[in-house]
Amino acid sequence: MIFTNARLIFPDGIRDGLEVVVEKGKIAALRERTPFRSPRRSAARQAHGRSKEMVDLHGNYLAPGFIDLHVHGALGRDTMEASAEAFQAVCDYHASGGTTSLLLTTATAPMDKLVVHAEGPFISKAKCGAQRAEFIQNPSRASVQQLLDRADVIKRITIAPELQGALEAIENFHIHGISVSGGHSDAWDEEAREGFAHGMHSVTHTFNCMSSARRRGIYRVGGLLEFALSEPRISCELIADGHHVSATLMKMLYRAKGSGGICLVTDATAGAGLPDKSQFSLFGRDCLVEGGVCLLADRSALAGSSSRMIDLLRTMVMEVNVPLHEAVMMATENPAHAIGLEAKGCLKVDADADLVVLSPELEVLRTFSGGQEVFSL
């Protein structure tokens, strides 16, 4: 296929006059737009096997497909079901929001239930949020080995760096190619710094369920939040749904980290895509959808978001005043870099043809994964 008549979104800006050539699921070329060919000539060339399908995008935006590093579910389905049917339902729904790659994320659960992005069980009971406290544990060598035995499918793990045994665990995960993210943590500044020194290079849903500046004796000391804001090599997840974090805090994060230090994540749970007042379960915890966000049934805590990646992108552009190309970078190149996906999150030759077509109003019109259309409005 040849995608033409589009405004291409790159990390450094938006460019007109280019077209994208796709062959065998990969981007084969980025080139100047070719002159329009008549349908008769195109058909003739196709008959001789030399033509490609021309996809006229009518002046809409073309961006890399979005990459969601933190998603639990959608449409009443949850990753903890561990079934192909549930995974397909989750992926199909999020494709409508422009997502072409995602890390199916587990809840804090018994060790034998965990795969992919493991959020817990090595987290702080003081910052557990909607996670189930009864399954929280310190990272013993045996429990860490259980996860390392699945290092081929676990791409990311959230851990509280202050826990006993956490530093050794962080180093082990890092050595085995698993991205380590600090989160659900009550760490002091120096504990967070030690985690970073051992291989913790990200933080999970910044501002949510993490320690911040407080008094220790007569002195005020930073927490995981302030360490993440101050360390340029830390990548910060952000649930930019307009509920988890206020616009002022999102602006503060943007000023501190810039466009290159933020990864937009939905943290979407099974309530995503369900009508308001719908009820669902988060690994045994009763939850509901209310006012555009997911809550525990007793309304004592947030229980993930009901958003898609495109919703976060709009929030960053419209409420945080981030330029569109920078917001797209937070949803594509940054998360790809965070987990080492060299062939995703970019518009360049030899990259996977994971693409999303956006209207000027930032609605997803079409989504392509490996050159195959997986969503059309």
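The values are calculated or read from the model by the stated rules, or taken from the named source; none is laboratory data. What you see is a predicted model; the values in this text were computed from it and never measured. All Cβ positions, glycine included, derive from the backbone under ideal geometry; neighbour counts span all protein chains shown. Please note that ligands, DNA and RNA were not included when accessible areas were found on the heavy atoms of the full protein model with its side chains. Shrake-Rupley method; radii C 1.70, N 1.55, O 1.52, S 1.80 Å.
Laid out as a table, the results:
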| read-out | value |
| --- | --- |
| Hey, G345 within 30 Å of H176 (Cβ to Cβ), under 15 Å from the mean Cα position of the chain (by Cα) and touching a residue at least 60 places away in the same chain (Cβ under 8 Å) or not | yes |
| Test set (1) in contact (Cβ under 8 Å) with a residue 24 or more places away in the chain; (2) open to solvent by 50 Å² or more (accessible area, probe 1.4 Å); (3) farther than 18 Å from S96 by Cα - L282 fails condition number | (2) |
| Residue in the stretch 63-71 that is buried (at least 24 other Cβ atoms within 10 Å of the Cβ), modelled with pLDDT of 95 or more and among the aromatic types (F, W, Y) present | yes |
| Answer residue from the stretch 77-96, given it is touching a Ser or Thr at 6+ places or on another chain (Cβ under 8 Å) and open to solvent by less than 40 Å² (accessible area, probe 1.4 Å) and is nearest to A353 (Cα to Cα) among those | A95 |
| Failed criterion for G260 (all others in (1) under 19 Å from the mean Cα position of the chain (by Cα); (2) buried (at least 17 other Cβ atoms within 10 Å of the Cβ) hold) | (2) |
| Set R214, R150, R233, R220: member being within 24 Å of G258 (Cα to Cα), without any contact (Cβ under 8 Å) to a residue 60 or more places away in the chain and open to solvent by 10 Å² or more (accessible area, probe 1.4 Å) | R233 |
| In the stretch 159-192, the residues that are of a type outside the set (G, A, S) and in contact (Cβ under 8 Å) with a residue 60 or more places away in the chain | P161, H184, D186 |
| Within the stretch 78-101, tally of residues that are modelled with pLDDT of 95 or more and part of a strand (DSSP E or B) | 3 |
| Residues satisfying the stated conditions in the stretch 251-285, i.e. under 18 Å from I310 (Cα atoms), part of a strand (DSSP E or B) and of a type in the set (S, T, N, Q) | none |
| The stretch 298-333: number of residues that are under 13 Å from the mean Cα position of the chain (by Cα) and either open to solvent by 40 Å² or more (accessible area, probe 1.4 Å) or closer than 19 Å to T367 by Cβ (or both) | 14 |
| Condition met for F375 (open to solvent by 20 Å² or more (accessible area, probe 1.4 Å) and among the aromatic types (F, W, Y)) | yes |
